[in-house]
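Values in this text are rule-based calculations from the coordinates and carry no lab data. The structure presented is a predicted model; accordingly, all values stated were derived computationally and were not measured. Please note: Cβ atoms are built from the backbone with ideal geometry, for glycine as well, and neighbour counts cover all protein chains shown.
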Amino acid sequence: MKIMIVATIILTSMTSSKYTIDFGIGKAGQEWMIVNDGVMGGYSDSEANILDNSLFFKGIISLKNNGGFASIRKTGERLDISNFQKVKIRFKSKGRKFALRLTSSDSYWKPFFKQEFESSTMDWETLEFNLSDFKEYTINGETGNTLIPETETKDFRLGLILFDKKEGPFEIEIDYIEFY
């Protein structure tokens, strides 16, 4: 009987139907890094702080010298999304358009896939997106109107980007991101 219980636990954990990044002290978030438009000569500035149960990302977007974006990205292991159909994010923010970003390349000029979202309130919200609705974009913001190819679902880096071309302060607090 004990062997059957252990085998069930092992099989259940191996065939997990979701992947959750639960931000907070002693949880996830330490392996995320900031990448702003300074990599291309811009002057936007941001910081990320791990709070008790969330990740707080804030800064100031500058359009000087062709700037205009701030992002935070998960480093380390890549994400295999081939077994997932949806992604959910619990966050609070106000008045800015962010996007969940998936990329299969470390080269900034290569196309990436994103799903935009925004909020007009500073209350906690949970939004859910179909991964099949993520569209392809280039660094210029142009879309190829291409969806994520099924052949490219096993090697993604996850990020969050603010690329609304509006100068000024921003902030977003994220509780979790969950793929299922």
Using a 7 Å offset from the Cα along the Cα-to-Cβ direction at both D45 and Y180, what is the distance between the two label points in nm, to one decimal?
4.0
Through the Karplus equation 6.51 cos²θ - 1.76 cosθ + 1.60, θ set to phi - 60°, convert the phi angles of region 135-144 into ³J(HN,Hα) values in whole Hz; use x for Gly and Pro.
10, 7, 9, 10, 5, 7, x, 6, 9, x
Rounded, prolate or oblate: which one fits region 77-179, using the alpha carbon gyration tensor with axes a ≥ b ≥ c (rounded when a/c is under 1.5, else prolate when a/b beats b/c, else oblate)?
oblate
Taking Cα pairs closer than 8 Å and at least 6 residues apart, the relative contact order of the chain in percent is 30
If each residue of separation counts as 0.36 nm, what is the full-extension length gain between T126 and K58 once their alpha-carbon separation is subtracted?
22.5 nm
For Rg/Rh (Cα atoms, Kirkwood Rh), calculated from these coordinates, the label among [x] 1.01; [y] 1.10; [z] 0.95
[x]
Looking only at GluC sites (Glu not before Pro) in DSSP loops with at most 15 other Cβ atoms within 10 Å, what is the longest site-free stretch of the chain?
78-141
Restricting to DSSP H runs of at least four residues, report the calculated mean residue ellipticity at 222 nm for the chain, -39500 (n - 2.57) per run over all residues, nearest 500 deg cm²/dmol.
-2500 deg cm²/dmol
